[in-house]
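Structure record follows, encoded as structure tokens.
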Amino acid sequence: MLQRMSLTEVKDILKTWREDNSRKSDEIIEHWEDTIREEIDDLGEEKWMILEQVCVAGFDTYRPDVVEDTLYLLIQQFTPSSLRVKRLIAMRYEMREEWGEALEVLDQILEEDEANSSARKRKIAIYKAQGDTSKAASELTKYLRVFQSDQEAWQELCDIYIQEQEYNKACFCCEELLLHNPHNHLYHQRLGEIRYTMGGTDNLENAKQYFSQAVKMAPSNMRALYGLLLTCTQLATNPKCHKKKDYAKIVFWASKQISARYNHAGLTDKQSKLPVIEGLMSQLDVSGK
């Protein structure tokens, strides 16, 4: 339970959460029940923003009673034709799992405002909730044509394509993420994983480059180290490989880095993956190559 605050204190903390884009839904509902509900008329100019904030918190915590109370007041003030009220009405349909009605309201919003990012995101969320990944991917593609710098949307689309095993499209999404943030080692690691999954010498070569860059940026990235180890092991054990010694050196280096991190953490061989690494290294045969 939160310590009871004055209305002024509650208004200040809700304003801070709005500015920080923090949902804090459970806390907002507690403030609604302890303070705001009894003093709605004393909220001043922030009344309608606070009611919208509480309404969204009601969706997050599945409190239909709070949603109905706050949404009723917002509809009375702004009428159902308001785009922001329509978005809340669509979210109420979502809460009830009335997907068709929710999509209909969201389409009405987009007819009036094609660039309404919130409505487009809600449509994507509905398609994902229904398990319709193809429509979710299609809607995300439309969204990204308008909002090309939305990194979260590119990441979401990448996840969907990986789920659908459309790895070339997933690579494209991950490359877009790298363009936006080339110094994020996790994007390099992710792209390396996708290329490794695709298989084939060319993709493995690319995977090695991405894993190497991830390790260079973040030497403690164990996932990238394992990726580098596995990729170079695959390349070195390929009968057609002409650079086995080079790949073997990388394998030995990566295995030492991994072992050192396990030892530093104080893990025993049984707790770590060291036996797996030793098994991979035993596959290497670089004599005369």
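Every number here is computed from the coordinates shown, using simple stated rules; none is lab data. Predicted, not measured: the structure shown is a model, and the values here were computed from it. So basically every Cβ, Gly included, is an ideal-geometry build from the backbone, and we count neighbours across all protein chains shown.
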Query - Part-to-part distance (alpha-carbon centres) for the stretch 171-244 and the stretch 1-64, which is given in Å - result: 46 Å
Query raised in the report: Using the Cα gyration tensor of the stretch 196-244, with a ≥ b ≥ c the square roots of its eigenvalues, what is the shape: rounded (a/c below 1.5), prolate (a/b larger than b/c) or oblate (neither)?
Result: prolate
**Report entry** Contact order normalised by residue count of the chain, Cα under 8 Å, 6+ apart, percent
**Finding:** 7 percent
Report summary line: Nearest 10, in degrees from 0 to 90: the angle of helix 7-19 to the longest Cα principal axis of the chain is 40 degrees
Query raised in the report: How about the stretch 50-152: which chymotrypsin sites (Phe, Trp or Tyr not before Pro) there lie in a loop by DSSP and see at most 11 other Cβ atoms within 10 Å?
Result: Tyr62
**Report entry** Using a Förster distance of 35 Å, the FRET efficiency for Glu97-Thr141 (Cβ separation, nearest 0.05)
**Finding:** 0.85
**Report entry** Using alpha-carbon coordinates, inclination of helix 64-78 to the longest axis of the chain, degrees
**Finding:** 60 degrees
Query raised in the report: Could you work out the helix-only [θ] at 222 nm for the chain, with each DSSP H run of four or more residues adding -39,500 (n - 2.57) and the total divided by the number of residues, to the nearest 500 deg cm²/dmol?
Result: -23500 deg cm²/dmol
Report task. Counting other Cβ atoms within 10 Å, keep those with at most 11, restrict to DSSP loop, and tell me which trypsin sites (Lys or Arg not before Pro) in the stretch 153-212 are left. Result -> none
Report summary line: Over the chain, cysteine residues that find no other Cys C-beta under 4.7 Å are Cys55, Cys171, Cys174, Cys232, Cys241
Requested in this report: Would you please calculate the Kirkwood hydrodynamic radius of the chain over all C-alpha pairs and express it in Å, rounded to one decimal?
Outcome: 23.0 Å
Query raised in the report: What list of ³J(HN,Hα) values in whole Hz, one per residue of the stretch 210-223 in order, does the Karplus curve 6.51 cos²θ - 1.76 cosθ + 1.60 (θ = phi - 60°) give from phi, with Gly and Pro shown as x?
Result: 5, 5, 4, 5, 4, 5, 4, 6, 9, x, 8, 6, 5, 5
Requested in this report: Quick one: angle between helix 99-112 and the longest Cα principal axis of the chain, in degrees between 0 and 90, rounded to 10, please.
Outcome: 80 degrees
Query raised in the report: Of the trypsin sites (Lys or Arg not before Pro) in the stretch 78-137, which ones lie in a loop per DSSP and count no more than 12 other C-beta atoms within 10 Å?
Result: Arg96
Query - Relative contact order (%) - criterion: Cα under 8 Å, at least six apart; region: the stretch 85-156 - result: 21 percent
